[in-house]
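Below you'll find the structure, written out as structure tokens, and then a few comments.
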Amino acid sequence: MNSHLAAAVTLAVTMSASCAPRTSSRPEPIEAAGIWEGTARTGEVSLPLTVTIDRRTAGWAGTVDVPSLYALEYPLTDLRVTATTVAFSLPGNLPSATFEGVLEQGRLQGRFTSLAGPDTLRGTFELWRRPGGTLQYVTESVRFGNGDLDLAGTILRPSTNGSHPAIVLVHGSGPQTRDSYLRWFADQFARAGFVALIYDKRGTGESGGERWPQTVGSFDDLADDAVAGARFLADRPYVEADRIGIWGLSQGAWIGPLAAARAPTLFRFVIMVAGGGVSPAEQELYDDEARLRDLGFERAEIEEALAYLRLADQYVRTGSDADWSRFASARGDVRDEAWYSHLDRFPQILPREAPAWSGLRADLDYDPAPVLATVQVPALLILGVEDRLTPALATAERARRALENGGNRDVTVRLLPGADHALLTKPDGLGSWLAERPAANWVADMIAWALERK
């Protein structure tokens with residue numbers, strides 16, 4: 001999503017007979033392969049999840065789905081299975097948690113502990129084996145090129161015959177691959193009849209390009225990658241070439257319109273989620289200001305922190321010795337300030353020779369308004385009012401004005417009360433991540449909008 005949301009966190013799940021409730025002295029033997037579906041629960045809050053475990057020639061493998069957190073087929077690592085126990089871990093965009101349980105009466109059940117956030121969360125879980133279903137779409141691994149760059153992706157396409165509308169899904173910032181929230185959204189579009197393309201961002205996964213963090217990928221490069229993906233889709237026999245849309249979240253909300261502006265006859269509509277209306281410099285300062293404000297820092301402390309971050313931005317812009325000296329001196333002065341450890345760490349903690357400093361230069365002050373003014377296809381912008389990474393109201397106002405001033409007559413802006421950057425909401429009084437849910441109906445409404453304009 002952006003650099004904060006996209007930062008890798010770990011979900012580790014361990015199931016063992018030693019720590020779980022027992023009803024007999026001899027646990028049942030367990031056949032771990034299969035699909036296990038159920039909930040993790042603490043108090044009155046429960047979170048649905050599905051664990052799939054397979055026995056392969058090379059050993060055990062598995063995935064986890066957490067629909068409420070946009071997680072689909074996140075690959076498990078360190079999966080270990082014995083006659084009575086299962087252990088596995090998953091690095092990904094999910095909170096850290098450990099589960100310990102046994103098989104009793106045809107189900108896996110036990111206790112879990114979550115270390116996400118400042119508090120330790122404890123609860124129970126129960127998973128039942130369920131039969132596999134038949135997907136409404138098929139998946140296909142593909143490779144396509146942007147000039148000399150080779151990009152690796154996956155197409156999800158409806159199982160029905162004939163040609164279909166299509167959509168390209170664009171990442172947020174950071175080293176994102178197709179094994180992320182993109183797969184969950186692609187699944188939703190594919191179930192609605194779209195051919196969906198997701199791919200590993202340049203420099204990540206199986207795609208070519210300099211490895212992260214040696215490159216951060218310029219907006220121009222990333223937009224050209226998306227255009228290349230759309231052109232690849234247009235050549236597929238199962239795609240209606242004149243009915244291809246583009247979807248982007250966070251950083252992708254800048255990239256999507258830029259791609260549409262570069263290939264105006266290729267795209268049928270644009271969907272921007274949680275971003276795209278202000279410059280990256282403005283958004284990043286807003287992010288740090290909101291975080292410090294939420295942590296209770298005084299206004300004078302926040303202004304001091306923002307002044308320091310503006311020095312880092314100025315060095316990104318110029319790369320000059322003088323601006324580096326000013327920034328480096330300030331960094332030495334503020335390291336012991338209480339607010340310093342709460343700032344976005346990238347790239348301000350990096351040494352001067354780190355390539356990220358120059359890599360950010362081209363896009364730090366990117367103004368989306370001139371590009372949005374050239375977008376003439378239907379545009380949908382969706383924002384969470386409680387977003388702490390993107391200034392939602394400023395983004396909505398500026399993006400709408402730019403689109404409409406350019407003559408676009410099909411502009412829809414939706415502001416979702418209570419929703420954050422990921423468009424997740426949390427009921428009052430329920431502070432744990434288990435309580436987070438997608439804002440009501442936003443995904444279904446988004447897909448309905450796209451179907452009307454396909």
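The values are calculated or read from the model by the stated rules, or taken from the named source; none is laboratory data. Keep in mind that what you see is a predicted model, and the values were worked out from it rather than measured. When we count neighbours, we look across all protein chains shown, and the Cβ atoms used for this are built from the backbone with ideal geometry, even at glycine. For the accessible areas, the whole protein counts, side chains as well, though only heavy atoms, and no ligand, DNA or RNA atoms are used. Shrake-Rupley method; radii C 1.70, N 1.55, O 1.52, S 1.80 Å.
Residue pairs whose Cβ atoms lie under 7 Å apart, sitting 6 or more positions apart in sequence or on different chains, and linking a residue in segment 285-298 that is farther than 20 Å from L311 by Cα to a partner that is open to solvent by 10 Å² or more (accessible area, probe 1.4 Å), are D294/R388; L295/H342.
All told, R243 falls short of being in contact with a Gly (Cβ under 6 Å, 6 or more places away or on another chain) and touching a residue at least 60 places away in the same chain (Cβ under 8 Å). Within the option set L266, L285, L292, being open to solvent by 10 Å² or more (accessible area, probe 1.4 Å) and more than 27 Å from S141 (Cβ to Cβ) holds for one residue only, L285. Every test in (1) touching a strand residue (DSSP E or B) at 6+ places or on another chain (Cβ under 9 Å); (2) of a type in the set (D, E, K, R); (3) not in a helix (DSSP H, G or I) is passed by E210 save one, and that test is (1).
Applying the set (1) within 24 Å of Q283 (Cβ to Cβ); (2) modelled with pLDDT under 95 to T412 leaves exactly one unmet item: (2). Pick from segment 409-432 the residues that are outside any strand (DSSP E or B) and touching a helix residue (DSSP H, G or I) at 6+ places or on another chain (Cβ under 8 Å): which of them is farthest from P368 (Cα to Cα)? Taking the candidates together, the pick is P427.
Would you check if G205 is outside any helix (DSSP H, G or I), within 14 Å of S173 (Cα to Cα) and not basic (K, R)? In short, no.
Mind checking whether some residue in segment 89-97 is open to solvent by 70 Å² or more (accessible area, probe 1.4 Å), out of contact with any His (no Cβ under 7 Å at 6 or more places or on another chain) and touching a residue at least 40 places away in the same chain (Cβ under 8 Å)?
Yes, segment 89-97 contains at least one residue that is open to solvent by 70 Å² or more (accessible area, probe 1.4 Å), out of contact with any His (no Cβ under 7 Å at 6 or more places or on another chain) and touching a residue at least 40 places away in the same chain (Cβ under 8 Å).
Got a sec? Which of G275, G248, G252 is within 23 Å of the chain's Cα centre (by Cα), of a type outside the set (A, V, I, L, M) and within 30 Å of N161 (Cα to Cα)?
G248
Of all residues in segment 188-202, those that are within 21 Å of V227 (Cβ to Cβ) have Cβ atoms under 7 Å from Cβ atoms of residues that are surrounded by fewer than 23 Cβ atoms within 10 Å (Cβ to Cβ) and among the polar types (S, T, N, Q), 6 or more apart or on another chain, in I198/T154; Y199/S207; D200/T177; D200/S207; K201/T177; K201/S207. T177 - would you say it is among the polar types (S, T, N, Q), in contact with a His (Cβ under 9 Å, 6 or more places away or on another chain) and either part of a loop (DSSP other than H, G, I, E, B) or open to solvent by less than 10 Å² (accessible area, probe 1.4 Å) (or both)? Yes, satisfied. Only one of the numbered conditions (1) more than 22 Å from the chain's Cα centre (by Cα); (2) open to solvent by 60 Å² or more (accessible area, probe 1.4 Å); (3) at pLDDT below 95 is not met by K426, and that is (1).
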